[in-house]
Amino acid sequence: MKILFYNHTGQVSGAERVLQMILTRVDRECYDCVVACPEKSRLIGLMNDAGQRTRGLRLLEARFTWRPDRLVRYLLSFAQVIRDGRALVKEEAPDVVHANSIRAGIVMASATIGLPVPVIWHAHDILPRHPLSTLVRLFAAASSRNRILAVSNAVAKRFRGNVLKPFAKRVPIRVVHNAVDLEKFQPNKTAGSEARARLGLTNAQPVIGIVGQLTPRKGQLELIETFAEVARELPKAVLLVVGEPLFNRDQEYAEQLQEAAASLGIGDRIKFLGARNDVAQLMQALDALVVNSHEEPFALTVSEGLASGIAVLATAVGGTPEMISDGDNGCLVPRCDNEALARTLVTLLQDDQYRAQLGQNARRSAIARFSIDRFIREIDSLYSELNRSADQKLTHQILDNKLALD
């Protein structure tokens, strides 16, 4: 079975890490995989380095907007990428197209109009409350070839909206929670002590961490403001900020974080570590991992924290409550509630026994629910289902043609 994967961006964040997981774990005796993504990008370089066959496409420029100048530019970008994508699909002749985002789904569903190729829209994002989202839903319902693969029930619910409720059979939405590498992310006190030593921290210091791309929706600024309050009660506490700006004007946001830390007088208590290749080890250095997002489809960082056996404190948004049961395997607070965030952080850092129990429960839940084996089985089941459906349609077409000739 041949699968064409399409990723509309060349940057590497959560969705691209999931794509890499699929490509490295699916049975290559069963699947012939080719990846299409922007030329001369970080992603295509990583794929080529891993020995994955790739095809370069131009970068898709498209965002939700009503500004006429940008809308025209984005529509032109869509048209160009769709044209190139159609030529690629005809040349590669895949059995299935796996589009690794909603925007990628729009591109490939358009590029395959009139072609008998099912298209998986791997929805890693929650559709914004925007009039264009209704158009996206209507377009998804325009063809029975489309299949929506959602990373959480929250993503599925928002994608379905009211528009797709009558089209449940025509446009099926399947939820497959992402996975975490349970061997890479696991409790390891030695690794934690070594990571602290490298950072000039002692084992006695309370250490909080936030991991992810630097962007407003991840809530790093609010956490820094909250940490200023926490630091008054816990003078030795340290905050690690792991991640880098990736998109749009996020560099300005990164600079704003630095300025906020300095203006609050806690610049010496916060370590901005940038992008790291040792996140699994850094997790072990933490007493608490904070995921302070304003919205979160299904945070890989949450699953990594759970697998690492540390206390995870997250905002109760999007798919996060599907991962964390408050007070059992982690803690949940309302979004944008700095008071609740500060209060819960202080409680966690002061109660070693509570923190340890949360960590133990977190690890158990990750093993039970978020293993890679489980994830690949569910993905494989979807591919097999689409392949069987395609074979049945082909058989019916052959029979229909034979009857017509007779």
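The table below lists the values:
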read-out	value
Evaluation of Arg86 against (1) modelled with pLDDT of 90 or more; (2) among the basic types (Lys, Arg); (3) surrounded by fewer than 18 Cβ atoms within 10 Å (Cβ to Cβ) (one fails), failing number	(3)
Test set (1) modelled with pLDDT under 95; (2) assigned to a helix (DSSP H, G or I); (3) not aromatic (Phe, Trp, Tyr) - Thr226 fails condition number	(1)
Qualifying residue in region 336-354 (condition: out of contact with any Gly (no Cβ under 6 Å at 6 or more places or on another chain), at pLDDT 95 or above and part of a loop (DSSP other than H, G, I, E, B))	yes
Matching entry among Ala197, Ala280, Ala260 (being in a helix (DSSP H, G or I), at pLDDT 95 or above, under 20 Å from the mean Cα position of the chain (by Cα) and surrounded by fewer than 22 Cβ atoms within 10 Å (Cβ to Cβ))	Ala280
Complete set of residues in region 99-119 that are out of contact with any helix residue (DSSP H, G or I) (no Cβ under 8 Å at 6 or more places or on another chain) and either surrounded by 14 or more Cβ atoms within 10 Å (Cβ to Cβ) or in contact (Cβ under 8 Å) with a residue 60 or more places away in the chain (or both)	Arg103, Ala104
Neighbours by Cβ (under 9 Å, 6+ apart or cross-chain): first from region 39-58, more than 22 Å from Lys2 (Cβ to Cβ); second of a type in the set (A, V, I, L, M, F, W, C) and in a helix (DSSP H, G or I)	Arg58/Val81
Region 14-40: number of residues that are of a type outside the set (Asp, Glu), in contact with a Ser or Thr (Cβ under 9 Å, 6 or more places away or on another chain) and part of a helix (DSSP H, G or I)	2
Test for Ser325: is it in the same structural domain as Ser144 (by TED's automatic domain parsing) and either loosely packed, with under 15 Cβ neighbours inside 10 Å or touching a residue at least 60 places away in the same chain (Cβ under 8 Å) (or both)	no
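Residue-wise test of (1) in contact with a strand residue (DSSP E or B) (Cβ under 7 Å, 6 or more places away or on another chain); (2) not hydrophobic (A, V, I, L, M, F, W, C).
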position: Ser101; (1), (2): yes, yes
position: Val117; (1), (2): yes, no
position: Val136; (1), (2): no, no
position: Ala141; (1), (2): no, no
position: Ala150; (1), (2): yes, no
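The values are calculated or read from the model by the stated rules, or taken from the named source; none is laboratory data. Predicted model, so just to flag it, every value in this text is computed and none were measured. In this analysis, Cβ positions are derived from the backbone assuming ideal geometry, glycine residues included, and neighbour counts consider all displayed protein chains.
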